[in-house]
Amino acid sequence: MKIAFIGLGNMGGGMAANLVKAGHEVRAFDLSETALAAAREAGCATFPSAKEACATAEAVVSMLPNGSIVKSVYWDDVIGHAPEGAILLDCSTIDVATAREVILVTQQHGYQMVDAPVSGGIAAAAGGTLTFMVGGTAEAFARAQPILAAMGKAVIHAGDAGNGQAAKICNNMLLAIHMIGTCEAFAMAEKLGLDAQTFFDISSVSSGQNWSMTSYCPVPGVGPVTPADKGYQGGFAAGLMLKDLKLAMEAAEAAGAKVELGDHARAIYEAFAKDNAGTDFSGIIRTL
Ligand code: NAD
């Protein structure tokens, strides 16, 4: 299949390479020449503009930094340039309202489109083990599914347009809350004279058990190998967690949802990310 891929950064670069490995003809565009060179290395054809990458494409995948960029790329470069009948997939993490607007407008121009944000970081993008949460009609989902399956281990239909983004920000708000809670528990255990490994052994099989503890333990040398074991480098940057929490708070306000812990988590990550935006989000334990 001919697939245009727009946005070949940390995530998109690995995802596009996996589409090539699955036998697709990938037509890549990014503003960064370095990203384009890496895409060529991975077997993509590169183009001088998104419009040209979209021409003749049967599908368009985008992996871009934020909602306003997604909007401008779809308005200026995709609509009217990708052939009618192309399926459009935006995998960026953006606000729910913009995701719904972009899907509505592309539908009005005759396209089918899904929002398909991902869970999993750069390693999962490179390894083809992302989880995709997908919003859109059943028909659009059925068309998007095999393309996404080439880049991930799970592709889940979350409902109508924008529901992929809704699932993503609700999930990441919960992740932020249980990471902070897990860090507080380890820090308090230490102050009470309880060894971190012993606390892990007990809590990981007790009612405090959660993913931040057992799969992403914020204490070096405890549990599986995590960014904590690498000086809190790699993994999921605090700046990106803050971005997702801000999107979650915007969505909560628009929907009238009460998210006191989510808002507190946003404030904690906002303070942390001022000087540590590139640090893994589990590094929050250093502040406790
Ligand atoms: P990145 O900054 O590494 O990549 C974004 C790419 O988009 C860059 O290469 C940039 O040059 C390109 N770009 C920007 N504007 C463009 C335009 N107008 N046309 C074409 N290309 C353009 O970011 P990333 O880490 O790859 O993240 C991409 C998206 O994935 C974000 O929405 C992010 O929130 C989400 N995400 C990231 C992670 C992660 O761990 N990095 C995890 C899950 C989701």
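The values are calculated or read from the model by the stated rules, or taken from the named source; none is laboratory data. Computed from a prediction, not measured in an experiment: that's the story for all the values here. Reconstructed Cβ throughout: ideal geometry from the backbone, glycine too, with neighbour counts over all protein chains shown.
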Legend entry - Residue list for the stretch 88-104, filter: under 20 Å from the mean Cα position of the chain (by Cα) and either in the same structural domain as ASP244 (by TED's automatic domain parsing) or surrounded by fewer than 24 Cβ atoms within 10 Å (Cβ to Cβ) (or both): ASP95, ALA97, THR98, ARG100, GLU101
Inset, instruction - Considering every residue within the stretch 118-128, establish whether at least one is out of contact with any helix residue (DSSP H, G or I) (no Cβ under 9 Å at 6 or more places or on another chain) and outside any loop (DSSP other than H, G, I, E, B). - result: no
Legend entry - In the stretch 211-231, the residues that are within 16 Å of the ligand (Cβ to nearest atom) and either farther than 16 Å from LEU175 by Cβ or surrounded by fewer than 16 Cβ atoms within 10 Å (Cβ to Cβ) (or both): TRP211, SER215, LYS230
Inset, instruction - Report, by residue number, each residue of the stretch 84-117 that is more than 14 Å from the ligand (Cβ to nearest atom), outside any strand (DSSP E or B) and not charged (D, E, K, R). - result: GLY85, ALA86, ALA97, ILE103, LEU104, VAL105, THR106, GLN107, GLN108, HIS109, GLY110, TYR111
Legend entry - Qualifying positions in the stretch 63-81 - within 6 Å of the ligand (Cβ to nearest atom) and assigned to a loop (DSSP other than H, G, I, E, B): MET63, LEU64, PRO65
Inset, instruction - Go through the residues of the stretch 194-210 one by one and say whether even a single one is among the aromatic types (Phe, Trp, Tyr), in a helix (DSSP H, G or I) and modelled with pLDDT of 95 or more. - result: yes
Legend entry - Selection from the stretch 236-288 of residues that are among the small types (Gly, Ala, Ser) and surrounded by fewer than 20 Cβ atoms within 10 Å (Cβ to Cβ): GLY239, ALA252, ALA254, ALA255, GLY256, ALA257, ALA267, ALA271, ALA277, GLY278
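Yes/no per residue for (1) within 13 Å of the ligand (Cβ to nearest atom); (2) in a loop (DSSP other than H, G, I, E, B); (3) under 23 Å from GLN145 (Cβ atoms):
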{"site": "LEU31", "(1), (2), (3)": "yes, yes, no"}
{"site": "LEU36", "(1), (2), (3)": "yes, no, no"}
{"site": "ALA39", "(1), (2), (3)": "yes, no, no"}
{"site": "VAL60", "(1), (2), (3)": "yes, no, yes"}
Legend entry - Verdict on LEU194 being within 16 Å of the ligand (Cβ to nearest atom) and either assigned by TED's automatic domain parsing to the domain that holds LEU174 or buried (at least 16 other Cβ atoms within 10 Å of the Cβ) (or both): no
Legend entry - Residue in the stretch 106-120 that is at pLDDT below 95 and crowded, with 18+ Cβ neighbours inside 10 Å present: yes
